[in-house]
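Asks: One structure coming up, written as structure tokens, with questions to follow.
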Amino acid sequence: MRKAGTLLSVYLAYMLEYRAELFLWALAGALPLILLGVWTEAARGGEFPLSPGEFARYFLMVFLVRQATVVWVVWEFERDVVEGRLSFRLLRPLDPFFDHLAAHIAERLARLPFVVFALFPEARFLPEPGAFLLGLGLTVLAFLLRYTMQYTTALLTFWTERATSVEEVFFLLYLFLSGTIAPLEVFPEPLKSLALLTPFPYLVYLPAALLAGQEVALFPGLWIMLLWGVGFLLLSRLLWRLGLRRYSGQGA
């Protein structure tokens, strides 16, 4: 606990030094706010499973969930391996997995999401306390799942210097299957059923829909989410052990 507190305080101070950069990164994640306007207008002129107000609330929650679950560890880890900086991390009595995780959590504390309720009156609503707390819990699980997925991808740097290219492929799947572009209610049924078997809808759609007050099936989604999380965690531990045998950075 003492190590965790020290790591969080150090990384929080580091993140606060770059408040302007954090603002720009938060602004870069404003795609759901653009889609909010698009889908709200489309719902007014057509027949959709969600009303304009429900679309507005959903995409507002998508924006907030994505702000809370953004991950960049693959770029940091790839640079550590390619430049040999991982050697210095290996000298510390701490797995780099937790080092990078502390940096991500500290960045969450330093990032202040935009308040857009005044810009979109349809998005104003009073959520049910139980569903809201459940949505917050699932947002934390979504962040841990996405972090574990991307850290597993980052470990491919031991075999290729472009693990970020693999992550870009996953990002395309994430963008279309996570509910970021459109809620799963508007997907064709075969595509929706297929998407729910992947980890991507549980990174955005499930927590955002719960926070927005929509009726969604928590099970078996939660079990699928946990199953993917455990699977990626075990795979990351295996890749870490195998990758260290191949690592030959400066000073290793």
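Asks: Hey, what angle do you get for helix 96-110 against the long axis of the chain, alpha-carbon based, 0 to 90 degrees rounded to 10?
Replies: That works out to roughly 40 degrees.
Asks: Ranked from highest to lowest mean number of other Cβ atoms within 10 Å per residue, what is the order of the peptides 168-181, 23-36, 137-150?
Replies: The densest-packed peptide leads the list: 137-150, 168-181, 23-36.
Asks: Let me ask something else. Rounded, prolate or oblate: which one fits segment 165-209, using the alpha carbon gyration tensor with axes a ≥ b ≥ c (rounded when a/c is under 1.5, else prolate when a/b beats b/c, else oblate)?
Replies: Here segment 165-209 falls in the prolate category.
Asks: Evaluate the distance, in nm, between pseudo-label points positioned 7 Å from the Cα of MET1 and of LEU22 along their respective Cα→Cβ axes.
Replies: With each label placed 7 Å out from Cα toward Cβ, I get 2.5 nm.
Asks: Test of the criteria: in segment 73-105, which GluC sites (Glu not before Pro) are in a DSSP loop and have at most 16 other Cβ atoms within 10 angstrom of their Cβ?
Replies: In loop regions of segment 73-105 (DSSP not H, G, I, E or B), the sparsely surrounded GluC sites (Glu not before Pro) are GLU83.
Asks: Past the 29 angstrom mark, what percentage of all C-alpha to C-alpha distances in the chain do you count?
Replies: 34
Asks: How much of the accessible area of the chain, in percent, comes from carbon and sulfur atoms when a 1.4 Å probe is used?
Replies: Accessible surface attributable to carbon and sulfur in the chain totals 69 percent.
Asks: A further question follows. At 222 nm, what value in deg cm²/dmol follows for the chain if DSSP H runs of at least 4 each add -39500 (n - 2.57) and the sum is divided by all its residues, to the nearest 500?
Replies: About -21500 deg cm²/dmol.
Asks: Another one. Test of understanding: express the Cα radius of gyration of segment 1-117 as a ratio to 2.2 N^0.38 Å, with N the residue count.
Replies: Compactness ratio reported: 1.41.
Asks: Let me ask you something else. When the Karplus curve 6.51 cos²θ - 1.76 cosθ + 1.60 is applied with θ = phi - 60°, which whole-Hz ³J(HN,Hα) does each residue of segment 71-80 get, with x for Gly and Pro?
Replies: 9, 9, 4, 4, 6, 5, 5, 4, 5, 4
The values are calculated or read from the model by the stated rules, or taken from the named source; none is laboratory data. In this text the structure is predicted, and so the values were computed from the model without any measurement. Don't worry about glycine lacking a Cβ; one is built from the backbone with ideal geometry, like all the others, and counts go over all protein chains shown. The protein model used for the area step is the full one, side chains on, heavy atoms only, and it has no ligands, DNA or RNA in it. Shrake-Rupley method; radii C 1.70, N 1.55, O 1.52, S 1.80 Å.
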